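See structure below.
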Amino acid sequence: MKSQTMDMTHGSLADKLIFFVLPLIAANMLQLLFNAADVIVVGRFAGSLSLAAVGSTTSAIFLFINVLMGLSVGVNVMVARYLGMAEISGTDSRKGLFDPDRLTGSARMISRTVHTAVSVGIIGGIGVGLLGILASGPVLRLMSVPENVFPLARLYMQIYFAGTAFNMLYNYGAAALRAQGDTQRPLFYLTISGILNVLLNLFFVIVLKMNVAGVALATISSQAVSAFLVLRCLAKMDSPLRLSIKKLCIDLPILLDMARIGVPAGLQMCLFSVANMTVQGAINSYGDIIMAGASASTSIEGFMYAAMNALHQASQTFTSQNVGAGKYDRVDRVVRTCLLYTFVTAGFIAGIMYFFRYPLLRIYNTDPAVVEAGVTRLVIMVVPYFLYGMADVFVGAIRGTGHALSPVISTLLCTCLLRILWTLWLDTGRFGVEWVYYSFPVTWFLLLIIVAAIWHMVRRKAGWPTAEGIQQKTAEDC
C-alpha cells in the first residue's frame, strides 16, 4: 500500500484534522466492532454467564497492560516531535530519501525510537503476559466476581494474556505510523485482522463449542496477524521509521524519554482501570443479569470512546509536530478545532445510541431483563460523554507539549479517588445500580475543568506568543 504521510505544520488545519481523524475513527470503531463480536457471539451462542465472564475481565486486563500501552503515547509523541524538528533543521526525513547507514540528527532519533519500541513490545509483552496469567485468579477474587462466573472469567483472562506481546507490537507500530500522519494503513491492517477475528469467533464458539476459550483464542490470533502486518510495513518503509531485525535493541536514553511521556500516560490508564475495577465490583454485587447488561452497554459505549480517542490522538500528534516545528500559533488552533469536532461528534453519536438503544442492546442478548439493565447504563453514560471527550483533547495537547505528569495527577484526584470513594460510600443494598453509573459523568465534569486549567497554565509557562503575535504570524503564513 502506498505510504501516507502528512505535513501537520502547514496548510489548512480543519482539512488535515479530518483527513487524519476519519481513518482513525474508522480504525478504532472497527477494532471495537470486532471486539464486540467477542461479546455478541458469546452472549448469543454461549449464554449470559459467559457474557458476564467476558465483560467482567475488561478492567482487570487493562490494569495489567496499560503501562505498556501508555508507552505507545511516548512513541507517538517522540516520533512526531522529531519529524517537526527535521523540518526546522532542513533535514526533511519525510521525502523518501533514506539511507539506513547514514542517519543523522532527528532521522537517527526516529530510527532509535522505533527499534527501542519494538524491543520493549516483545520483552515487556511477554513479561506482562506471564504476570497476568499468574495473577488472574486473585484479581478476579478481589473484584468479587460471582462463583458461577469465576471459572469462565479466569480462563478468558489467562488465554488473552498469552497474546499480550502481539497487542503491544501492533500498538507501538501503529503509533509510529500515526506520528507521520499515516492513519490509513493501520485501518487496513485492523480490517484484515478483525475479519479474521469474527470468522474465528464463529468457528471456535459455534462449531467447536469452545465458549469463552474460543473467543480468547480468536482475539489473540487476530492480534498476531495485525502485529505481523504493521511490523512488515515498518520493515519495508523507505524512511527513518524502517525496521531492521539486526538493529533491535533497547536504547536506554530513548527508553527513558519514551517512559517520561508514556509511563505517566500508562499510569493514568491504570488509575482509570483501578477506579473502574472498583465500579465493576459494585456492579457485580447486583448479580449476573446486571453484569450482563452492563457488559453489553460497555461494548456499545466503546464506539463513542473510539471517536473521542481519535480526536485525543489528533490533538496529541498535531500538537507534538507543531511544537517541534515551533508553530505555537497552530497548536492553539489545533486544540480549538479538536474541541469543536469533539462536541459535534459526541452529540451525533449519542443521539444515534439513545434512539436505537433497544435494538443495539438486543444484538448482544435477547433476554428482556438483560436489555433493560443495559439501557439503564447506556442512557446515563452516552448523553454526557462529550465532557470526557473534551477533557481528553486537553490531555492530548498537554502530552503533546511534553508535560505528561499533570494529567495523571488530575486523574488521580478527580477520577480515580472520587470514583472509589463514591462506590465505597454507596450502599448497593439500598440504592439502585444507576447510582453507580452516575459516578462517571460527575468525574468527567471535574476532569474537564481541571485539565482545561492545566492547559492554560502550560501555555503561560512555555511563554508562547501573545494573541497579537499569533495573529501577525498567522497572517504571514497565509
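Remarks
- Of all residues in the range 356-370, those that are among the charged types (D, E, K, R) and either open to solvent by 70 Å² or more (accessible area, probe 1.4 Å) or under 13 Å from ALA37 (Cα atoms) (or both) total 1.
- Hits in the range 419-431 - residues which are without any contact (Cβ under 8 Å) to a residue 40 or more places away in the chain and of a type outside the set (Asp, Glu): LEU421, TRP422, TRP425, GLY429, ARG430, PHE431
- If you go through the range 287-321 and keep only what is more than 22 Å from the chain's Cα centre (by Cα) and open to solvent by less than 10 Å² (accessible area, probe 1.4 Å), you end up with MET291, ALA292, GLY293.
- Only one of ILE250, ILE159 that is in contact (Cβ under 8 Å) with a residue 40 or more places away in the chain and open to solvent by less than 40 Å² (accessible area, probe 1.4 Å): ILE159
- Scan of the range 140-156 for residues that are in a helix (DSSP H, G or I) and open to solvent by 20 Å² or more (accessible area, probe 1.4 Å), ordered by number: ARG141, LEU142, PRO151, LEU152, ARG154, LEU155
- Only a single item in (1) open to solvent by 40 Å² or more (accessible area, probe 1.4 Å); (2) within 27 Å of LEU32 (Cβ to Cβ) is not met by THR219, and it is number (1).
- VAL408 in a helix (DSSP H, G or I), open to solvent by 10 Å² or more (accessible area, probe 1.4 Å), closer than 23 Å to MET291 by Cβ and in contact (Cβ under 8 Å) with a residue 40 or more places away in the chain: no
- Unmet criterion (only one of (1) over 30 Å from ILE363 (Cα atoms); (2) open to solvent by 30 Å² or more (accessible area, probe 1.4 Å)) for VAL379: (1)
- Residues in the range 179-216 that are open to solvent by less than 20 Å² (accessible area, probe 1.4 Å), in contact (Cβ under 8 Å) with a residue 40 or more places away in the chain and within 25 Å of PHE150 (Cα to Cα): ASN197, ASN201, VAL205, VAL212, ALA213, VAL215, ALA216.
- When ALA467 is tested against (1) modelled with pLDDT of 90 or more; (2) loosely packed, with under 15 Cβ neighbours inside 10 Å, only condition (1) is not met.
- Tally, over the range 272-281, of residues that are crowded, with 23+ Cβ neighbours inside 10 Å and at pLDDT 80 or above: 0
- Of the residues making up the range 131-154, just one is free of Cβ contacts under 8 Å to residues at least 24 places away in the same chain and within 30 Å of ILE250 (Cα to Cα), namely LEU134.
- Hits in the range 328-348 (condition: basic (Lys, Arg), more than 22 Å from the chain's Cα centre (by Cα) and surrounded by fewer than 23 Cβ atoms within 10 Å (Cβ to Cβ)): ARG333
- Taking (1) open to solvent by 20 Å² or more (accessible area, probe 1.4 Å); (2) at pLDDT 85 or above; (3) more than 19 Å from the chain's Cα centre (by Cα) in turn, ASP427 satisfies each apart from (2).
- All positions within the range 64-88 that are at pLDDT below 75 and over 22 Å from PRO253 (Cα atoms): GLU87, ILE88
The values are calculated or read from the model by the stated rules, or taken from the named source; none is laboratory data. These numbers were taken from a predicted model, which means no experiment stands behind them. Quick reminder, even Gly has a Cβ in these numbers, built from the backbone with ideal geometry, and neighbours come from all protein chains shown. SASA here: full protein model, heavy atoms, side chains in, ligands and nucleic acids out. Shrake-Rupley method; radii C 1.70, N 1.55, O 1.52, S 1.80 Å.
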